[in-house]
Amino acid sequence: MEKFIPLSIPNFEGNEKKYVNDALDQGWVSTGGAYITKLEQEMAKFLHVENVAACQSGTSALHMSLVEAGVKPGDVVLVPPLTFIAAVNPVKYQFATPVFIDCDDSFCLDPVKLRSFCEEECEWDGVELKYNGALVKALVVVHVFGNMADMESILDTAEKYNLKVIEDATEALGTKYTEGRYAGKYAGTIGDYGCFSFNGNKIITTGGGGAVTARESATVDHIRFLSTQAKTDPHYYIHDEIGYNYRMTNLQAALGVAQMEELPEFIKRKQRNYDLYKAEFEGFKYGKLMPFRDGTDSNKWFYSIEIDREHIKATMREIITTLEKDKIQTRAIWGLINEQKPYEGEETYRLEKAPYYADRILNIPSSTQITGEEIKYVADKVKQLLEELANG
Ligand SMILES: *Cc1c(COP(=O)(O)O)cnc(C)c1O
């Protein structure tokens, strides 16, 4: 292969330049402008929700959702150990306490362990759930790599124990249920709040950016208000709450509107490319292409190979650097958040699958531009390497 095959890069095949130039020509480059509203409307239409607020990043979307959910210093928020750290850091911004609950085989929050944590480790007085005396206020559920978490079971528990559900649907924009109680519902539109990021490696990008939706339209309006410094008067600088500078800019939104036009095509390509990889890894002994949840139509954003650790002892670094020499960019799944320095000493609950997968998952190239030929090349090289490592 002549060409380097990147892991996940943006795709600007549509109207990106046209709309960004248009925003520039109009002079609307900052946090006002028609593209911001347009992006919000397009997202709302796509997700079948009433209201979406565009903001500055996925992290700010999550932070404002926690604020809106009323998470206060000292409250407990249940969080995932195996995901990007941005999903958990906002809990600390609120001076709340994270408790890490294990994932299941979808890499998302394990609903059975969530349930048993609430039932066995906490006290429930019919109104509030308490853990070691602290109010358990909310949970953050991340739809990892485009995989839908088991929302039916998770919401059953959340409703029973009065927990606010913040969905981090960043990686699952476009993933929806096809069966069950939430058939037709998109990731990010099932819990109380849905957060999205449009950073560079996501399925659509605005360079940096994000969005929030919520069950109640008025909640989204309030989040939009918080994102613009909570200014209450059109003429005077009057502020009755602590706001944030978290609004998206019109330049970013111009990029986003173009990307939204292409989103259905991007999803199609991700799904097709997944099927191509699937055919290549069918029956392969030393690495398994991880599936997506049954009863859902996933955007198949990111592809994961589970390395056979019974036969392969090489570190992820060795695997990644060897594949780099073949011009293939891969990566290891995240390190556990509860093991990162700022989270040392935080409570965890029955972590088994998270450490298991943290040591085994390799992500392989998934950009929308990847060709069938490149997929075959990647699969051949990965299989060849894993075979050598297993037998050598
Ligand atoms: C990328 C990502 C974020 C962070 O979004 P930013 O826009 O970079 O702040 C949060 N959560 C998940 C699951 C992500 O993949």
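Please tell me if F302 is touching a strand residue (DSSP E or B) at 6+ places or on another chain (Cβ under 8 Å), within 14 Å of the ligand (Cβ to nearest atom) and not assigned by TED's automatic domain parsing to the domain that holds H63.
yes
Restricting attention to the range 25-69, and to residues there that are closer than 27 Å to P264 by Cβ and acidic (D, E), which single residue is least open to solvent (accessible area, probe 1.4 Å)?
Ranking the candidates gives E40 first.
From the list T189, T170, T157, T206, which residue is more than 14 Å from the chain's Cα centre (by Cα) and either away from the ligand (no atom under 16 Å from the Cβ) or open to solvent by 10 Å² or more (accessible area, probe 1.4 Å) (or both)?
T157 is the lone residue from the list that is more than 14 Å from the chain's Cα centre (by Cα) and either away from the ligand (no atom under 16 Å from the Cβ) or open to solvent by 10 Å² or more (accessible area, probe 1.4 Å) (or both).
Confirm whether E123 is of a type in the set (D, E, K, R), without any contact (Cβ under 8 Å) to a residue 24 or more places away in the chain and either surrounded by fewer than 24 Cβ atoms within 10 Å (Cβ to Cβ) or within 27 Å of K231 (Cα to Cα) (or both).
yes
Which members of the range 173-186 meet the condition of being under 17 Å from the mean Cα position of the chain (by Cα) and not hydrophobic (A, V, I, L, M, F, W, C)?
G174, T175, K176, Y177, K185, Y186
Among the residues of the range 128-152, what is the count of those that are open to solvent by less than 40 Å² (accessible area, probe 1.4 Å) and assigned to a helix (DSSP H, G or I)?
4
How many residues are crowded, with 24+ Cβ neighbours inside 10 Å and not in a helix (DSSP H, G or I) if we restrict to the range 70-97?
Residues meeting the conditions: 10.
Suppose we keep only residues that are in a helix (DSSP H, G or I) and among the polar types (S, T, N, Q) within the range 40-69. Which one would you say is farthest from the ligand (Cβ to nearest atom)?
This residue is Q41.
On the given criteria, is R309 surrounded by fewer than 16 Cβ atoms within 10 Å (Cβ to Cβ) and more than 15 Å from Y286 (Cβ to Cβ)? Even if it seems obvious, please write down each step before you answer.
Values: surrounded by fewer than 16 Cβ atoms within 10 Å (Cβ to Cβ): yes; more than 15 Å from Y286 (Cβ to Cβ): no.
Spelling it out, it is not the case that R309 is surrounded by fewer than 16 Cβ atoms within 10 Å (Cβ to Cβ) and more than 15 Å from Y286 (Cβ to Cβ).
For the range 98-112, which residues satisfy the criterion of being open to solvent by less than 10 Å² (accessible area, probe 1.4 Å) and either outside the structural domain of V76 (by TED's automatic domain parsing) or outside any loop (DSSP other than H, G, I, E, B) (or both)?
Listed by number, the residues that qualify are P98, V99, F100, I101, C103.
The values are calculated or read from the model by the stated rules, or taken from the named source; none is laboratory data. Since the model is a prediction, treat every value here as computed from it, not as a measurement. Ideal geometry is used to build each Cβ from the backbone, glycine not excepted, and the neighbour counts take in all protein chains shown. Only protein heavy atoms, including side chains, enter the accessible area calculation; ligands, DNA and RNA are left aside. Shrake-Rupley method; radii C 1.70, N 1.55, O 1.52, S 1.80 Å.
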